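The values are calculated or read from the model by the stated rules, or taken from the named source; none is laboratory data. Here the structure is a predicted model, which means the values were calculated and not measured. Here the Cβ positions follow ideal geometry from the backbone for every residue, glycine too, while neighbour counts run over all protein chains shown. The area values use the complete protein model at the heavy-atom level, side chains included, leaving out ligands, DNA and RNA. Shrake-Rupley method; radii C 1.70, N 1.55, O 1.52, S 1.80 Å.
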Amino acid sequence: MASLVFGVLGGVPIAVTLGVIALVQIRKRGEQGRAFAIAGLAVSGVWVLLVTLIMAVGAMTSVKRDDSGEITGRGFMNVAELREGDCLNGIADGKVSYTVTATPCSEPHDAEVITQFVLSADSWPGTDAAGDKATSECEKRLARILSDSPKLDRLASFSLYPPDASSWKRDPSVKCLVVDVDGGKLTEKVG
């Protein structure tokens, strides 16, 4: 019975140990409880498979980077982990994004992170003020950085910024991105 309880609760090492001990004792002594011991081992096996599956899915969906830090394999990424030069999909104007799909810049993508800065303030300025500051500062920085780019007329600025006070406390950074002015996909690295 203890093997089943620990198996259900996720105490796999204890459940397996108790299940094996119970099966050995039941065989020697002819006692009852074989079904509970087997059920505890089976539930533990399900936990092991579940954890293995979660780890495999995580490994398959995580972003891959080369030694220089450039993205070489598509995957999901928290917005706070974005770096300058990263290309991504899954952003929408006016929508709060915590996770995006990062992709190599050689593949079609919605946006590219050109620069980033910290939204500094003594206290959270509010969503509207944060958005205004992020948009204004990104437009200035992008105009300066991309002033010599022949692609400048095809690009529009887009900023990802903390949407609320708790997000700002965790990560006060603003990501300044460029997107295609017509809403199409970018097909190469811009910055």
Among the residues of segment 105-128, are any modelled with pLDDT of 85 or more, β-branched (Val, Ile, Thr) and open to solvent by 40 Å² or more (accessible area, probe 1.4 Å)? yes
Starting from segment 146-157, keep only residues that are of a type in the set (Ser, Thr, Tyr), then list their pairs with residues that are assigned to a loop (DSSP other than H, G, I, E, B) and at pLDDT below 85 whose Cβ atoms are within a distance under 9 Å, requiring at least 6 positions of separation or different chains. Ser149/Val190; Ser149/Gly191
Please verify whether segment 87-95 includes one or more residues that are out of contact with any Ser or Thr (no Cβ under 7 Å at 6 or more places or on another chain), crowded, with 17+ Cβ neighbours inside 10 Å and under 15 Å from Asp180 (Cβ atoms). no
Single match in Val113, Val100 (criterion: within 15 Å of Val179 (Cα to Cα), in contact with a Gly (Cβ under 8 Å, 6 or more places away or on another chain) and free of Cβ contacts under 8 Å to residues at least 60 places away in the same chain): Val100
With the requirement that a residue be touching a strand residue (DSSP E or B) at 6+ places or on another chain (Cβ under 9 Å) and either open to solvent by less than 30 Å² (accessible area, probe 1.4 Å) or without any contact (Cβ under 8 Å) to a residue 12 or more places away in the chain (or both), what does segment 159-179 give you? Ser159, Leu160, Pro162, Ser173, Val174, Lys175, Cys176, Leu177, Val178, Val179
